[in-house]
Amino acid sequence: MIETLARPGTEVDDDLTASGLLALARDRKAAEDRAAADLLDLAARWADLHPPESIHHAATFTSGRGIGMEVEAPIAGDGCPTVAEFCVAELGTVLGISIVSAKRLIGHALELRHRLPRLWTQVQSGGVAPWRARMVAEATIHATPSLTPEAAGWVDAQVAAVAGRIGPVQLDRLVAESIKRFELAPADPAADPDDGYLSVDPRHVTVHDQDVHYAGTMHLEADLDIADALDVDRVLTHGAELRKALGSTESLDVRRAQALGDLARTQTALDLHTRGHTQGRAGASGQDGLPVAREVVLHAHFEAVSVAEQMVFGPAGRLEERQRLVLLDQVQSWCGDSRTKVTIKPVIDLNAHLEAPGYEIPDRIREQIILRDRTCVFPWCTRPARGCDVDHVIEYDHDAEADGRPQPGPTQTDNLGALCRFHHRLKTHTAWHYDVIGPGEFEWTSPHGHRYRRDPTGTTALDPPPEPSRRPQIPRQRRP
């Protein structure tokens, strides 16, 4: 009996023994690693074909690590070729991944080929799993301070010597040792000269906003200075005890989590501490005499549904921030927990046809497009629409009225779409273009002719993958 798996053309004998199944699983994993190594090679070749040009800047990562400003960081380390920023979009859409993921893939490929050549050779020969090599590339690209080619080469030699079998902690130590050996960090007279690991600061606070629990919670992790960590622990313990004294019946863990939220809002803890005590405090701006807490604006959307249509854990809606599930009970608790200002906006008909004279987009039309599109409408982009530009799909002609011609790109609902700034620039300066095919539905065409449908449910690739007459020949080893 032959059982056909989900992937066409893959057949597995249903009568395989346990040994046979294990052997087949091993072969499939080897094929997966081979495909991942080939993909790295193809990403590096794609970069070779697309150096930056006059209008196409080099692709970078943008982060908020600067003081009061965003910082542009290259996608690979010093010594790697730069890549035209707009070419990343085509590769990313073909692979069905975001721009950030596509940049990371290309950056890892270039880092391995140019700065970690030993590891690159091992990956292409099958000696090291691509995911392990990419972990090393990520560390050497984003090391602080930045690694020189020589420092990266030293890390490459150490990792290649053990065939990539290295964990995150050992990798951090290697990077730190490399920084120390090549004297990349500024001298610190208070530092222990024998402690290379501490030359890299491991402190961080990370909010895992891509993994939201159905109950509306989000995971946060941090590494703090010991004194800071103990101070935070004391504050959370005090906040949890205070909540219990005020009548909370929640568990200790829940009360500590709530206390952390109070700490983030800065003044809510003061609200709890003085509730029922001092009122009319001098300098306070609230009606109860308390300082006004810092404002946090959230946009929650709920639809009127019957009881039968409600989710098993209660009525749920959508939080614009991060496009996440939010429970109605949770919103009610937010509103009742502190002095919260709640604004109910008028219902906007997302199917209504709105239009305005001229180029400028009125607030009522902008809000309709934001609510309709939810995110940037470029394939697989997830940037919230509220932070996007509202783009005229067919370009507005500023000279049409003066020339007595009809306006080809009017300011109206069916000619507008939300585009993040990067994809707005991509559409303006390259051969990418899109058409409106329905309310909130768009069809994109790439410079190489690939087509994608983007609607409120997500992105669909319309073109099947090209079928070459023969399997592409990917070299198993490539010297940098």
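Values in this text are rule-based calculations from the coordinates and carry no lab data. Predicted model only: the values in this text are computed from it and were never measured. All Cβ positions, even for glycine, are placed from backbone atoms using ideal geometry, and neighbour counts span all protein chains on display.
A few remarks follow.
- Per-residue Karplus couplings for the stretch 89-105, computed as 6.51 cos²θ - 1.76 cosθ + 1.60 with θ equal to phi - 60°, are listed in order as 4, 5, 5, x, 5, 4, 8, x, 10, 6, 4, 4, 5, 5, 4, 5, 4 Hz, Gly and Pro entered as x.
- Karplus 3J(HN,Hα) series, Hz, for the stretch 178-184 with 6.51 cos²θ - 1.76 cosθ + 1.60 (x for Gly, Pro): 5, 4, 5, 4, 9, 6, 8
- Separation in nanometres of the label points that stand 7 Å from Cα toward Cβ, at residue 21 and residue 48: 4.3 nm
- Evaluating 6.51 cos²θ - 1.76 cosθ + 1.60 at θ = phi - 60° for every residue in the stretch 428-445, the Karplus couplings come out as 6, 9, 10, 7, 4, 8, 9, 10, 7, 10, x, x, x, 10, 9, 10, 9, 10 Hz, glycine and proline recorded as x.
- Cα gyration tensor shape of the stretch 355-461, rounded if a/c is under 1.5, else prolate or oblate by comparing a/b with b/c: oblate
- Nearest-0.05 FRET efficiency for residue 28 and residue 360, computed from C-beta distance (R0 51 Å): 0.35
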